[in-house]
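Please read the structure below before turning to the comments.
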Amino acid sequence: MFGVEFEKRVDAIVGRYPEPKAALLPVLWELQRANGWISPPCAEWAAARLGVSPAHVHGAVTFYTMYKQRPTGRHHIQVCTTLSCMLRGSDELLEHLRRKLGIHEGQVTADGRFSLQRVECLGSCGTAPMFQLNDDYHENLTLSAVDALLDRLP
Amino acid sequence: MPKLTLDGREIDVQPGATILQAALSRGHEIPHFCWHPGLSIAGNCRICLVEVEKAPKLQIACQTQVQDGMVVRTASPRVEAARNAVMEFLLINHPLDCPICDQAGECRLQDNAVAHGTGISRYTEPKLALAKAVDIGEHVLLDQERCIQCSRCIRFCDEITGTSELAFFRRGERTVIGIWPGRRLDNPYSGNVVDICPVGALTLKEFRFQTRVWYLENTPSICAGCARGCNVLIATGRQRELMTTQGQQDDRIKRVVPRVNIEVNGHWMCDEGRLSFERLAVAPRLRQAESGGSAADYDEVVREAARALAAAAQAGRAGLLAGPRATCETLYAWRRLGSALGSLRGAVHAIERGADDELLLRRDKGANSRGAAWVLAPPTGEAGLLDAAARGEIDVLVVLGDALDPHDTPALPDAVRARVETLIYVGPFRDAAAEAARLRLPAAAWSEEDGSYVSFEDRVQLLRRARLAGGAARPGWRIAVDLALAAGVELPAWTQAADVLAAAAQDVRELDGLTEERIGLLGAPGGLAATAGA
Amino acid sequence: MEKILTRNIHKERSVSIDVYEAGGGYQALRKAVRSLTPDEVTDQVKKSGLRGRGGAGFPCGLKWSFMPKEKKKPHYLLCNADESEPGTFKDRLLMELDPHLVLEGCLASAYAIRADACYVYIRGEFVHAAGVLDRAVAEAYAKGYAGSNVLGSGWSCELVVHRGAGAYICGEETALMTSLEGERGYPRVKPPFPAQRGVWGCPTTINNVETLACVPSILERGPEWFAAIGPNERNSGPKLYCLSGHVKRPGVYEAAMGLPLGELIYDLGGGMLHADRPLKACIPGGSSVPVLAAAECDVALDFDSLVKAGSALGSAGIMVMDSSTCMVKALLRIAHFYAHESCGQCTPCREGTGWLERVLERIEGGSGRLEDIDLLKSVADNIEGNTICALGDAAAWPVQSFVKKFRDEFVAHVQAGKCTVLSHA
């Protein structure tokens, strides 16, 4: 489904564990990187490759919040709102993003560029408020810094 | 042996036993949901928390191994407070479905709520709304709201059937039991998850809304579906509820569930066996004697049959084709009748389907094929007998119809029907063999007579009658006694199945020494090795 | 105090093995595998008084001594890099800026417990740190510090970085193991303990990143040196403190164990964020530990002192709240965290955390009732001590401590139908 290179990468990953099942989380990461999200065929591929049932895979996908069960925007914004970020303005930041993008958490903008998610503590409390945009942390945010950042993105 | 002081009483405990196992083995109930004796320990429901001296926190009884000298309290205020707490937590999102839930009356949540709940809910927030009556398999419905996330069903599908269809999805209080879309809960043992579900989250479609469990009477018996001989409980309507508005008796079988027998079927049974009782209703029942296609007086048909059979038996031209679900008692009585009349060539019909699996299923669908081999010790197989009949060597052929399923009664080839002068059918159904027979005598079906079966492992087990045969139908061994009387030959004055078994035990070496008392509810080993020296 | 854990982080290319080695790095590992037995390494760590820096504060050497001395099955060391306790961000600092300190700590510790492999379980969100670690692991292999026959010692140890995918509960050591095995991150009932039956049924030790990062310096400079840092041997060594919330200079600060909270906030941290908003409350050890009211904040940040003060050092995530903070809203935010993160396995936590959040939502939103305040305590009390793992307790303690110490504010909020604090801010 994903080609020889992909399968070789997966083989290498599986080889790092004493049992194939242990490679589930890293394999799901590879699938999400290749496909953008964990679609049903991705889950079935992982199940067959690792010798577990598709229900088992789905159980993991729905347990770990970072695996996407549907496509997100090209720029997926995950705003931390746990206590320390809350104390430094995360709620205002989130509200600003909702208004600026015109979406709520769990939605994607019509042009497919942005999606929004509220997340728990990202381990960046010293640089609050902050969010994670796809893989990258953006810290010590101000509303104008956020505007500048987002307006520059394709 | 480690000593445990349980609520002030010192008891000896099996090494390695948990507090819960030790308590339950003494009939001392500690409430539990997620623990099941046939599955691994989960420890998630927390209702079994007990006080263990020297431990600062309460400990779960299901997982804590007894150490010598351990002192445990299961009824202290601290324990009761914990139980109240767990019950309250379980009930906050649980739907008030009792009035429409099949589990009512055998629901652990109900029972423990009454025993260990406070009776008043302090929860005033909205309850989680989840999917209800979800069709997840051929026999099973799922109600996600009722589920208490004990994981018994998941562990069953992981550990017993190895099929892993069920899993937890999502996290925290949003956790639900689910199945992968497009897959079904379709392993051959799916019905067991309904038995083990402590609440009404998993229910059996075939039982849905049929009746309330407090209207059921349970009869311990043996499944007739295959040679494994799973121990079961046959649930029928109770006596006082038997009369419907038309004044008809309604003691139909409502469900069959497994009965625990560690030596035979553990805690489980297969779906085919569980639902085999439905086959009793697929063909019209034979409840009256018939001659030449019309109803006739039972005694008259017996006389006519006895005449024909006696003549043929004296000439060595009588045959008996028995099904492998006939009881040992029926088969022995016919063997005695045959010898009393002269000779009776016997053969046992074989029913084979599918394959043996690693769990319970057997290819041999004859629940008593072993017993039939011991009792009849037939010199030839079925083919041999039918060939002889087709060659014209058999004047009178008696066919014992299958006790469970009309489709499993042996089919008689045209050649046999053409050459045999008198075909006598003794069985419960109007099946193909019955239609071909001129003389028909109504026999009890499975669940309608006492008797014994021998499993493929040589275990002798007792069937108990759960309901009336109805009309003139009676056990096959009684019909043999009636025929003997009509033919003027001597058979002992047997009045019940136990009498016949006792007689058989004298005659059949593999049954030597076995009585109903010795066999009991869990069966006893039969066969030459087991009974040697008995 | 000289910087020990953070001595490298400001160096240029601090992540590179060349820079690390040039600063004396990997000498400790060399010493361990070439001139010490595994048990001797464990002894040194025991003598140092090193206690776990992940949250539980369990004596590290003692934990290692639970591992079998005889190898019957593979042994595993798991580095708990799942740092997700609100208020905590010290492990991230070490992994992103001094990965080799962490890896050397892992390898030396793996040697001590006779491990065949060390898996670094890093939370999925730390994508950047995982990348840094991956490159550092490759460098370590290339130099023979990991893999077969480490430094010619005959001992082999694989080193694998394993990313989580978003679950705070996977920082709980048995849930970490279950997750590593490819399952949902459910904690396990104990016994058996990891040292007897851990990951893949094998003896396993799990240690926090910072804990492991202390090991090289213990081996280099001796356990007595380490034990002498801080107020006493039970509260010893250098410590990373994470300061966040209403302060001028939030961040990670390294100091000797036992740093006074006041010094952290007012000296190192630059004082309160707004001059006219004094300190109101402080959670000293990550959101799972009881809150301290301002009057209780004259306390040393070490294990025993904080226990005596009715709280705990936990993950050393110090969250500072000033007078503008609505304690009801703060508690609601914390309760939401635990409800979101509860794995759902056991009854009290699964149902109780959701219940707590919903009652707090009602109170915060203005439809609270006075009896709700006692209900919160009762529900929290019913969770505490009755769960499979400590997340239940972690959800209960904030509720109990907030309600106890700020009861008047909760009552006022209920009676007014809204926050009575923010109107003054």
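No lab work stands behind these numbers, since they all come straight from the coordinates. Model, not experiment: these values are computed from the prediction. Positions of Cβ are generated from backbone atoms using ideal geometry, with glycine treated the same way; all protein chains shown enter the neighbour counts.
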Report summary line: Given B:85-96, A:114-125, the highest-first ranking by average Cβ count within 10 Å works out to A:114-125, B:85-96
Report task. Using only the alpha carbon atoms of the stretch A:75-152, find the Kirkwood hydrodynamic radius as the inverse mean reciprocal pair distance, in angstroms to one decimal. Result -> 12.2
Query - For chain B, the spread of Cα positions along each principal axis, largest first, Å - result: 86, 51, 42
Query raised in the report: Can you give the helix-only mean residue ellipticity at 222 nm for chain B, where every DSSP H stretch with n ≥ 4 adds -39500 (n - 2.57) and the sum goes over all residues, rounded to the nearest 500 deg cm²/dmol?
Result: -7000 deg cm²/dmol
Report summary line: The long-range amide H neighbours of residue C:181, using H built 1.01 Å from N in the peptide plane and a cut-off of under 5 Å, are none
Query - Convex hull per residue volume in Å³, alpha carbons only, for the stretch B:1-46 - result: 83
Query raised in the report: Which one of C:264, C:283, C:325 is farthest out on the positive end of the charge dipole of the stretch C:261-393, using unit charges on Cβ (Lys, Arg +1; Asp, Glu -1) and the Cα centre as origin?
Result: C:325
**Report entry** Angle between chain A longest axis and helix A:4-14 axis [Cα atoms, degrees, rounded to 10]
**Finding:** 90
Requested in this report: Report ³J(HN,Hα) in whole Hz for each residue of the stretch C:401-415, in order, from the Karplus equation J = 6.51 cos²θ - 1.76 cosθ + 1.60 where θ = phi - 60°; Gly and Pro get x.
Outcome: 6, 5, 5, 5, 8, 10, 3, 4, 5, 5, 4, 4, 4, 5, 5
Report summary line: Computed for the protein assembly as shown: size of charge dipole around the Cα centre, +1 on C-beta of each Lys and Arg, -1 on C-beta of each Asp and Glu, debye to nearest 20, value 720
Report summary line: For residue B:230, other-chain or 5+-apart residues with amide H closer than 5 Å (H placed, Pro excluded) are B:223
Requested in this report: State the antiparallel share, in %, of DSSP beta bridges confined to chain B, rounding to the nearest 5.
Outcome: 70
Query - Percentage relative contact order, the stretch A:75-152, counting C-alpha pairs under 8 Å, at least six apart - result: 38
Requested in this report: Assign unit charges at the C-beta atoms only (+1 for Lys and Arg, -1 for Asp and Glu), then state the dipole size of the stretch C:98-165 relative to its Cα centre in Debye, rounded to the nearest 20.
Outcome: 60
Query - Within-13-Å neighbourhood charge of residue C:64 [Cβ basis; K, R +1; D, E -1] - result: +3
Report summary line: Ordered by fewest other Cβ atoms within 10 Å, a rough proxy for footprinting exposure, C:242, C:326 read C:326, C:242
Query - Built amide H within the under 5 Å cut-off of residue B:266, gap 5+ - result: B:261
Report summary line: Once normalised by the length of the stretch A:1-62, the mean sequence separation of its alpha carbon contacts under 8 Å that are 6 or more apart gives a contact order in percent of 25
**Report entry** Lysine pair count for chain B [Cα-Cα under 24 Å; pairs on different chains or 8 or more apart]
**Finding:** 6
Query raised in the report: Could you work out the helix-only [θ] at 222 nm for chain C, with each DSSP H run of four or more residues adding -39,500 (n - 2.57) and the total divided by the number of residues, to the nearest 500 deg cm²/dmol?
Result: -12500 deg cm²/dmol
Query raised in the report: Got a sec? Charge dipole of chain B, +1 on Cβ for Lys and Arg, -1 for Asp and Glu; which of B:2, B:224, B:411 is way out at the positive end?
Result: B:2
Query raised in the report: What are the ³J(HN,Hα) values, in whole Hz, obtained from phi via the Karplus relation 6.51 cos²θ - 1.76 cosθ + 1.60 with θ = phi - 60°, for each residue of the stretch B:481-491 in sequence order, with x given for Gly and Pro?
Result: 4, 4, 5, 4, 4, 5, 8, x, 10, 8, 10
Query raised in the report: Averaged over peptide A:87-96, how many Cβ atoms belonging to another chain are found within 10 Å of each residue's Cβ?
Result: 2
Query raised in the report: Roughly what % of DSSP beta bridges within the stretch A:1-133 run antiparallel, to the nearest 5?
Result: 40
Query raised in the report: Based on the Cα gyration tensor of the stretch C:238-322, what are the three equivalent ellipsoid semi-axes, each the root of five times an eigenvalue, rounded to whole Å and given largest first?
Result: 18, 14, 10
Requested in this report: Starting from the Cα-Cα distance between residue B:315 and residue B:421, subtract it from 0.36 nm times their residue separation and give me the gain in nm to one decimal.
Outcome: 36.8 nm
**Report entry** For the stretch C:327-416, size of Cβ-based charge dipole, Lys and Arg +1, Asp and Glu -1, in debye
**Finding:** 140
Report summary line: FRET efficiency for residue A:140 and residue B:54 from the Cβ-Cβ distance with R0 = 41 Å, rounded to 0.05, comes out at 0.20
Query - Computed FRET value (nearest 0.05) for residue B:127 with residue B:262, which takes r as the C-beta separation and R₀ as 45 Å - result: 0.65
Report summary line: One would report the antiparallel percent of DSSP beta bridges in the protein assembly as shown, rounded to the nearest 5, as 60
Query raised in the report: Going by average Cβ neighbours within 10 Å, how do the peptides C:170-181, B:275-286, C:72-83 rank, with the highest at the top?
Result: C:170-181, C:72-83, B:275-286
**Report entry** Relative contact order of chain C, defined on C-alpha pairs under 8 angstrom at six or more residues apart (%)
**Finding:** 16
Report summary line: Rounded to a whole number, the mean other protein chain Cβ count within 10 angstrom for residues of C:385-391 is 4
Query raised in the report: How big, on average over all directions, is the shadow cast by the Cα convex hull of the protein assembly as shown, in nm²?
Result: 52.6
Report summary line: Here the stretch B:416-424 yields Karplus 3J(HN,Hα) values (6.51, -1.76, 1.60; θ = phi - 60°; whole Hz; Gly and Pro given as x) of 5, 4, 5, 8, 6, 5, 10, 9, 10
Query - Nearest-ten-degree value, helix B:77-92 long axis tilted from longest Cα axis of chain B - result: 70
Requested in this report: Please give the average number of partner chain Cβ atoms lying within 10 Å of the Cβ of each residue in A:22-33, rounded to a whole number.
Outcome: 4
